[in-house]
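The values are calculated or read from the model by the stated rules, or taken from the named source; none is laboratory data. Please read all numbers here as calculations on a predicted model, not as lab measurements. Glycine gets a Cβ as well: all are built from the backbone with ideal geometry, and neighbour counts include every protein chain shown.
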Amino acid sequence: MSLVINHNLMAMNAARNLQQSYGALATSTRRLSSGLRVGTAADDAAGLAIRELMRADIKSMNQGIRNANDAISMIQVTDGALQVIDEKLIRLKELAMQASTGTYSSDQRLMIDSEYQAMCSEITRIASATDFNGIHMLNGHLSGDPTTHNGNGIDSMGALKIHFGSGNDSAEDYYYVSMGNSTASALGIGHLAGAKFAAGSANSGMAADNAGKSISTQELAQQTLAAINNAIISKDKIRASLGALQNRLQNTITNLSIQAENMQASESRISDVDVAQEMTEFTRQQILSQSAVAMLAQANSLPRMAMQLISG
């Protein structure tokens, strides 16, 4: 290479190598400080696109887990209310049994019927007052099959939709919660004044029609036993359905948790930096940068040799 003074090619070469090494050193510093191998699209354009899709799915899955947990909480609140209703129904059957025997007078049966009607009113109150996050579960608003669901308005109507998947596929991403009406009238009990009925011209046909609504007469009380049994069965069907759905939601949460965990591992392999590997690269680029700085200083001093020729 010729000794020239207009162009210091060795210094230019050293400066270019320094620029490359220093740029790589800056990249390693950014990766090590952020923990991300893919920090910008320039690092890995395809990896960045895959990572962002994975991150969106992971966030959706985690929210789906929270949605399913909220549904379980709602079911537990509902089941607790139905448990109280169960106790009331047992007491109603006890009262009906008491009024069915012939050792009580009509006035005493009216007293028994008074408690019976109060218990029925309490069942209706519990069913109407039980709510989760402002959603009433036992007053009939959530009854019906999934085809009755309508989410077009501000308030959804019909069966409650539990959405936990990242898409909108009915076979994969959601299912419906249908809760029957548990008011006393829906269960077929209560709400017939005993004194008023006793004062009327009651016959066996009218008594059969009013079974479950009053225990003010011995015949009504005896027929009410079957009505209360039917009410208990109806209530138990609701509880059994909710229990099965709670188990299903638990399995859904387990599945979503496994999916989210594996998806997070995949996203990490694409996005996160291997600290050991990157630290090795950082040290390498650091040494190259220091060497380039030293050689650039030497290259900048080499043209001075031309002065020795000129002055000599």
Looking only at the range 58-71, and only at residues there that are surrounded by fewer than 17 Cβ atoms within 10 Å (Cβ to Cβ) and not polar (S, T, N, Q), the one that is nearest to Gly190 (Cα to Cα):
Asp70
Restricting to the range 35-55, and then to whatever is without any contact (Cβ under 8 Å) to a residue 12 or more places away in the chain and assigned to a helix (DSSP H, G or I), can you tell me which residue is surrounded by the most Cβ atoms within 10 Å (Cβ to Cβ)?
Leu48
Checked the range 243-286 for anything surrounded by 15 or more Cβ atoms within 10 Å (Cβ to Cβ), not hydrophobic (A, V, I, L, M, F, W, C) and not in a helix (DSSP H, G or I); matches are Asp272
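Residue-by-condition table, conditions (1) among the β-branched types (Val, Ile, Thr); (2) surrounded by fewer than 18 Cβ atoms within 10 Å (Cβ to Cβ):
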site: Asn139; (1), (2): no, no
site: Asp145; (1), (2): no, yes
site: Ile154; (1), (2): yes, yes
site: His163; (1), (2): no, yes
site: Asn168; (1), (2): no, yes
site: Ala171; (1), (2): no, yes
site: Ser178; (1), (2): no, no
site: Thr183; (1), (2): yes, no
site: Leu187; (1), (2): no, no
State all residues of the range 144-161 that are part of a loop (DSSP other than H, G, I, E, B), at pLDDT 80 or above and within 20 Å of the chain's Cα centre (by Cα); if no residue qualifies, say none.
Ala159
Within the range 90-108, is even one residue of a type in the set (A, V, I, L, M) and within 25 Å of the chain's Cα centre (by Cα)?
no
Working only within the range 120-143, note down all residues that are farther than 22 Å from Gly212 by Cβ and either part of a helix (DSSP H, G or I) or in contact with a His (Cβ under 6 Å, 6 or more places away or on another chain) (or both).
Ala129
In the set Ala41, Ala26, Ala46, Ala15, the lone residue that is within 30 Å of Leu288 (Cβ to Cβ) and modelled with pLDDT under 90 is Ala41
Is it the case that Leu92 is hydrophobic (A, V, I, L, M, F, W, C), in contact with a Gly (Cβ under 7 Å, 6 or more places away or on another chain) and part of a helix (DSSP H, G or I)?
no
Go over the candidates Ser291, Ser301 one by one and state the one that is at negative phi and surrounded by 14 or more Cβ atoms within 10 Å (Cβ to Cβ).
Ser291
